Amino acid sequence: MAALLLRHAGRRCLRAYINPQLYIRNAVPMGTTAKEEMERFWNKNTILNRPLSPHITIYRWSLPMVMSVFHRGTGIAMSGVISLVGLSSLVLPWNFETCLEFVKSLSLGPTLIYTAKFVLALPLTYHMWNGIRHLTWDLGKGLKIPQLYQTGAAVLVLTVLCSLGLAAM
């Protein structure tokens, strides 16, 4: 069966190669071009004074919406930082001990170091707790609106507490 199908398709391709006029007669002319359609679309939207798309300014931001945006942002930021640190460790002549000695030589105060550690721990802990929240959603748990807000608040509290604890280490 497959051999017959391949033979049939091969003959059609060969005929099209030898005499393309056989297949042009079956073509249906288009009513309008894509350019004309796009001009008609934009003219209609301009006349009706429509925005370009449902823009974020028309939505009232809710906690789950903001947390979703930050979850994606922290994931992208952390993967970018990890990639840059990995590449820089291959390219730069310094090792970890050299970098640590450099930071110690700056004589930064404990408040600034604690704040820097907190800022570094915050995206990590937020992404972890919100990821666990997403995994519970995958199990079909906590999908009702009140539960979304409760788990969202719990994620934010756990994020701050864990970040403070990691910064204190």
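Answer with yes or no whether Leu84 is under 20 Å from the mean Cα position of the chain (by Cα) and either open to solvent by 100 Å² or more (accessible area, probe 1.4 Å) or not hydrophobic (A, V, I, L, M, F, W, C) (or both). Show your work before the answer.
Values: under 20 Å from the mean Cα position of the chain (by Cα): yes; either open to solvent by 100 Å² or more (accessible area, probe 1.4 Å) or not hydrophobic (A, V, I, L, M, F, W, C) (or both): yes.
Yes: the conditions hold for Leu84.
Might you let me know whether the range 78-86 holds any residue that is in contact with a His (Cβ under 9 Å, 6 or more places away or on another chain) and either assigned to a helix (DSSP H, G or I) or modelled with pLDDT under 85 (or both)?
yes
So, in the range 140-164, how many residues would count as being touching a residue at least 24 places away in the same chain (Cβ under 8 Å), over 20 Å from Met65 (Cα atoms) and loosely packed, with under 14 Cβ neighbours inside 10 Å?
Residues meeting the conditions: 0.
Given the residues Thr74, Thr46, which is the only one that is among the polar types (S, T, N, Q) and either open to solvent by 80 Å² or more (accessible area, probe 1.4 Å) or farther than 30 Å from His134 by Cα (or both)?
Checking each option against the conditions leaves just Thr46.
In the range 128-139, which residue that is of a type outside the set (D, E, K, R) and open to solvent by 50 Å² or more (accessible area, probe 1.4 Å) is farthest from the chain's Cα centre (by Cα)? Talk me through it step by step, then tell me what you get.
Looking only at the range 128-139, we keep the residues that are of a type outside the set (D, E, K, R), and these are 128-132, 134-137, 139.
When the remaining residues are screened for being open to solvent by 50 Å² or more (accessible area, probe 1.4 Å), the result is 128-129, 132, 134-137, 139.
Values: Met128: 16, Trp129: 18, Ile132: 18, His134: 15, Leu135: 17, Thr136: 20, Trp137: 19, Leu139: 22 Å.
Out of the qualifying residues, it is Leu139.
Among the candidates Leu112, Leu124, single out the residue that is assigned to a helix (DSSP H, G or I) and either free of Cβ contacts under 8 Å to residues at least 12 places away in the same chain or open to solvent by less than 80 Å² (accessible area, probe 1.4 Å) (or both).
Values: Leu124 fails: either free of Cβ contacts under 8 Å to residues at least 12 places away in the same chain or open to solvent by less than 80 Å² (accessible area, probe 1.4 Å) (or both).
Only one candidate passes the filter, namely Leu112.
Please work out if Gly10 is at pLDDT 75 or above and assigned to a helix (DSSP H, G or I).
So Gly10 fails the test.
Would you confirm whether any residue within the range 50-57 is of a type outside the set (D, E, K, R), at pLDDT below 90 and farther than 30 Å from Asn130 by Cβ?
Residues of the range 50-57 of a type outside the set (D, E, K, R): 51-57.
Still in the list and also at pLDDT below 90: 51-57.
So of that shortlist, the ones also farther than 30 Å from Asn130 by Cβ come out as 51-52.
Yes: the range 50-57 contains one or more residues that are of a type outside the set (D, E, K, R), at pLDDT below 90 and farther than 30 Å from Asn130 by Cβ.
The values are calculated or read from the model by the stated rules, or taken from the named source; none is laboratory data. The structure presented is a predicted model; accordingly, all values stated were derived computationally and were not measured. Glycine gets a Cβ as well: all are built from the backbone with ideal geometry, and neighbour counts include every protein chain shown. Quick note on the areas: whole protein, heavy atoms, side chains included, nothing else; ligands and nucleic acids left out. Shrake-Rupley method; radii C 1.70, N 1.55, O 1.52, S 1.80 Å.
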